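Enquirer: To start, I am sharing the structure in question, which I have written as structure tokens.
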Amino acid sequence: MTKSLAILGSTGSIGVQSLDVARKCGYRVEALTANRDVDKIEAQIREFKPAMAALADETAAAELKQRVADTDTKVYAGKAGVCACAAESEADTVLNSIVGIAGLEPTLAALHAHKKLALANKETLVAGGQLVMQTAKKENVAILPVDSEHSAIFQALQGKPTNRALKKIILTASGGPFFGRSKKELEAVTVQDALKHPNWDMGAKITVDSATMMNKGLELIEAVWLFSVRPEDIEIVVHRESIVHSAVEYDDNSVIAQLGLPDMRIPIQYALTYPERFESPVGELKLSEIGKLTFFEPDYEAFECINLCKEAITKGGLYPAAVNSANEEANALFRQGKIGFLDIPKRVAHVLHTAPNVQNYSLEDILEMDRFARKAVLSL
């Protein structure tokens, strides 16, 4: 069970909620990292008094260093600084909530330092699943999922007798803000429309991923690695209420699900307290107040990003890394108003179908594929 924490991505939605859990559970926070939000991380440093902090943006890190010069917190800069916080702090657990492939190298740094890893950065496993899982096995380090869906699967798998007993994983999706719209109706949607998620409070990038349902495709790839299953063993189901966070079906057709209110502090806390359970940081689920739970098959024509992710993980190698990086770049272009909503899957598909086939890979191979994918998206 966690006693002390390093939180990577502490100023983002998951990071802020993780600090709320740390506050409630009384965890010592040894390290904090963020991208460039000086104001927010300064406030966090003054409250939690970590020994280490880092900002990926070196200019912002220099400003932070000046601002907290009156504290005992040592400030680091750049990617190396973030990795130092992951590997060199006194924390026994590293919670990685960095958004995007930027979280990959800090994940590897934490694993090499034999830190228990609470993983909220799905791109780590999407881009480098083979490398990450091999490293975790070699270093004998546990990876505990923080994503609500993967936490639900992890919980539903407790007590599973054998690998053969698992028939399939049922991965639930909210459907995002555009559920029920046809592909034609998605042509003119705006960034503001895409950022109106019905159930979850998330950062802009992940909220747009939910709108395209790329998020669910990435989660499918993550589940393949976390739970050692085939892509065809995962069924995606749209569940608008976001109460059933995911489920597993066994060979006898029994289905075991994990339910709870749509609040990320529940899976965050479980990853930190596992195998124990503590008093909930959020309200109690009252099914009579929810009234009904609905389930639908995804519209794979309107939300083709799911298909692209399935194709990528089926092809294997670095194809998942290619679609992940392509999506990161296209998602950013859409949020900047430079491309339309449906241009996101178009650009991801272009990269998937032009990327080189690299099956066995190193960290440098992943980073090279990341550069290739981003350049390809920008060249269109």
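The values are calculated or read from the model by the stated rules, or taken from the named source; none is laboratory data. Everything numeric in this text was worked out from a predicted model, so none of it was measured. Don't worry about glycine lacking a Cβ; one is built from the backbone with ideal geometry, like all the others, and counts go over all protein chains shown. What goes into the accessible areas is simple: the full protein's heavy atoms, side chains included, and nothing from ligands, DNA or RNA. Shrake-Rupley method; radii C 1.70, N 1.55, O 1.52, S 1.80 Å.
Enquirer: Whole percent per 5 Å bin, from 0 to the bin with the longest distance: what is P(r) over all C-alpha pairs of the stretch 28-78?
Expert: Percent of pairs per bin, in order: 5, 26, 40, 23, 5, 0.
Enquirer: May I ask for the distance between the Cα centers of the stretch 147-174 and the stretch 234-308, given as a whole number of Å?
Expert: The stretch 147-174 and the stretch 234-308 have Cα centres spaced 10 Å from each other.
Enquirer: Out of the total accessible area of the stretch 74-216 (probe 1.4 Å, heavy atoms of protein only), what percent is carbon and sulfur? Walk me through the numbers on the way to the answer.
Expert: On the way: 2710 of 5390 Å².
Accessible surface attributable to carbon and sulfur in the stretch 74-216 totals 50 percent.
Enquirer: Right, another one. Order the peptides 65-75, 80-90, 338-348 from the highest to the lowest mean number of other Cβ atoms within 10 Å of their residues. Write out the running numbers ahead of the final one.
Expert: Details: 65-75: 14.4, 80-90: 21.5, 338-348: 19.7.
Most protected by this proxy first, the peptides run 80-90, 338-348, 65-75.
Enquirer: Counting heavy atoms of the protein chains only and a 1.4 Å probe, report the per residue accessible area for the chain as a whole number of Å².
Expert: On the way: 16050 Å² over 380 residues.
So the chain comes to 42 Å² accessible per residue, rounded to a whole number.
Enquirer: Work out the length of the dipole vector of the chain about its Cα centre, built from +1 on the beta-carbon of each Lys and Arg and -1 on the beta-carbon of each Asp and Glu, and round it to the nearest 20 debye.
Expert: Details: 42 positive and 50 negative charges, 26 e Å.
So the magnitude is around 120 debye.
Enquirer: Top to bottom by accessible area (1.4 Å), largest first, where do HIS112, HIS350 land? List each step's numbers first, then the result.
Expert: Details: HIS112 105, HIS350 65 Å².
Highest to lowest solvent-accessible surface, that is HIS112, HIS350.
Enquirer: Now for a separate question. Students often check this: by mean Cβ neighbours within 10 Å, which of 282-289, 5-12, 187-194 ranks highest, and how do the rest follow?
Expert: Details: 282-289: 9.5, 5-12: 28.2, 187-194: 13.6.
Packing proxy ranking, top to bottom: 5-12, 187-194, 282-289.
Enquirer: Same structure, new question: If you place +1 on the Cβ of every Lys and Arg and -1 on the Cβ of every Asp and Glu, how big does the dipole about the Cα centre of the stretch 175-274 come out, in debye to the nearest 20? Walk me through the intermediate numbers first.
Expert: Working: 9 positive and 15 negative charges, 93 e Å.
I would put it at about 440 debye.
Enquirer: Here's another thing I want to ask about it. Test of understanding: express the Cα radius of gyration of the stretch 193-352 as a ratio to 2.2 N^0.38 Å, with N the residue count.
Expert: Numbers: Rg = 17.1 Å, N = 160, 2.2 N^0.38 = 15.1 Å.
Normalised Rg, Cα atoms only: 1.13.
Enquirer: Which whole-number percent of Cα pairs in the chain have a distance greater than 27 Å? Write down the numbers at each step before the final one.
Expert: On the way: 34045 of 72010 pairs.
Here the long-distance tail beyond 27 Å is 47 percent of all Cα pairs in the chain.
Enquirer: Here's another thing I want to ask about it. Of the accessible area of the stretch 254-380, with the probe set at 1.4 angstrom, what percent is carbon plus sulfur?
Expert: Working: 3170 of 6190 Å².
Summing carbon and sulfur atoms, their accessible area is 51 percent of the total for the stretch 254-380.
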